[in-house]
Amino acid sequence: MRQIVAAFLWSWSAVAFAGAQQYEPLAASAQAALHEAVSDMASPEPTFPSLEEKINWLTEMSQRLSRRMPDREARIDFLKTVYYESKRAGLDPQLVLGLIQVESGFKKYALSPVGARSYMQVMPFWTKLIGDKGQDLFHMRINLRYGCTILRHYLDIEKGDLYRALGRYNGSLGQPEYPNMVRAAWEKQWAWPARQ
């Protein structure tokens, strides 16, 4: 019975593990820099090291994501946007895919009990703090831009310590469960190139 309960809890947490990003006052300079980072402009076509790398990455990641996002065109658009927004924020796109898997299970309209929204489970206070009040966090590109910008901000605050930055992102700073889940998803399901 204990194994069945543990399996149920694990499967539930694999679908969505959204916590509550915490509101923290920002210095005016940090607020201005973050506002600039989320300013609403369309994501251009992402730049890969080579055309071959682009084709290989999109093909492989698309195959891995196909069960969760059956529509091929939407899946490719999503992956291109993840790649662009991750690189724009100085993040590994596979890390971001692992975070999205844990946060929302790749559900665009995921809504946590505390109000976090969409793929990267961004809390609405961020649009008021660093963006524009009317921004729709269920819009794919806006959600990915905010999520990547926020994670980069937390990495900067924590001087590159991913464990602590992920804890801040989830509102569980100092607790190992969430950072370990993201790292496991990143390394086991989204590693690139694929591990042999």
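Do the conditions hold for Leu129, that is, is it part of a helix (DSSP H, G or I) and modelled with pLDDT of 95 or more?
Here the answer is no, as Leu129 does not meet what is asked.
One residue is enough: does the range 140-158 have a residue meeting the conditions under 17 Å from the mean Cα position of the chain (by Cα) and not in a helix (DSSP H, G or I)?
no
Quickly run through the range 170-184 and pick out the residues that are more than 26 Å from Ile76 (Cα to Cα) and assigned to a helix (DSSP H, G or I). Let's see the steps before the verdict.
Filtering the range 170-184 down to residues more than 26 Å from Ile76 (Cα to Cα) leaves 170-180.
Across the range 170-184, the qualifying residues are Asn170, Glu177, Tyr178, Pro179, Asn180.
Condition first: in contact with a Phe, Trp or Tyr (Cβ under 6 Å, 6 or more places away or on another chain), closer than 29 Å to Pro49 by Cα, free of Cβ contacts under 8 Å to residues at least 60 places away in the same chain and hydrophobic (A, V, I, L, M, F, W, C). Can you find one or more residues in the range 105-126 that meet it?
No: zero hits.
In the range 111-144, how many are in contact with a strand residue (DSSP E or B) (Cβ under 7 Å, 6 or more places away or on another chain) and closer than 21 Å to Val182 by Cα?
4
Starting from residues that are under 15 Å from the mean Cα position of the chain (by Cα) and of a type outside the set (A, V, I, L, M, F, W, C), keep the ones in the range 164-179 and report whichever is farthest from Pro93 (Cα to Cα).
Just the residues of the range 164-179 that are under 15 Å from the mean Cα position of the chain (by Cα), to begin with: 165-171, 178-179.
The next check asks that each one be of a type outside the set (A, V, I, L, M, F, W, C); those that pass are 167-171, 178-179.
On the way: Gly167: 19, Arg168: 19, Tyr169: 16, Asn170: 18, Gly171: 22, Tyr178: 18, Pro179: 16 Å.
Restricting to residues being under 15 Å from the mean Cα position of the chain (by Cα) and of a type outside the set (A, V, I, L, M, F, W, C), the top hit is Gly171.
Show the residue pairs that are 6+ apart or on different chains and have beta-carbon atoms under 7 Å apart, the first residue being within the range 181-196 and more than 21 Å from Arg164 (Cα to Cα) and among the polar types (S, T, N, Q), the second being surrounded by fewer than 21 Cβ atoms within 10 Å (Cβ to Cβ) and at pLDDT 95 or above.
So the pair list comes out as Gln189/Arg64.
Just for helices (runs of 4 or more DSSP H) wholly inside the range 47-125: which have at least 3 residues that are touching a Ser or Thr at 6+ places or on another chain (Cβ under 8 Å)?
Fully inside the range 47-125 and qualifying: 72-88, 93-104.
Of these, Thr59, Thr47, which one is farther than 20 Å from Ala184 by Cα, modelled with pLDDT under 95, β-branched (Val, Ile, Thr) and more than 13 Å from the chain's Cα centre (by Cα)?
Thr47
The values are calculated or read from the model by the stated rules, or taken from the named source; none is laboratory data. No experiment lies behind these values; they were computed from the predicted model shown. Backbone-built Cβ (ideal geometry, glycine too); neighbour counts: all protein chains shown.
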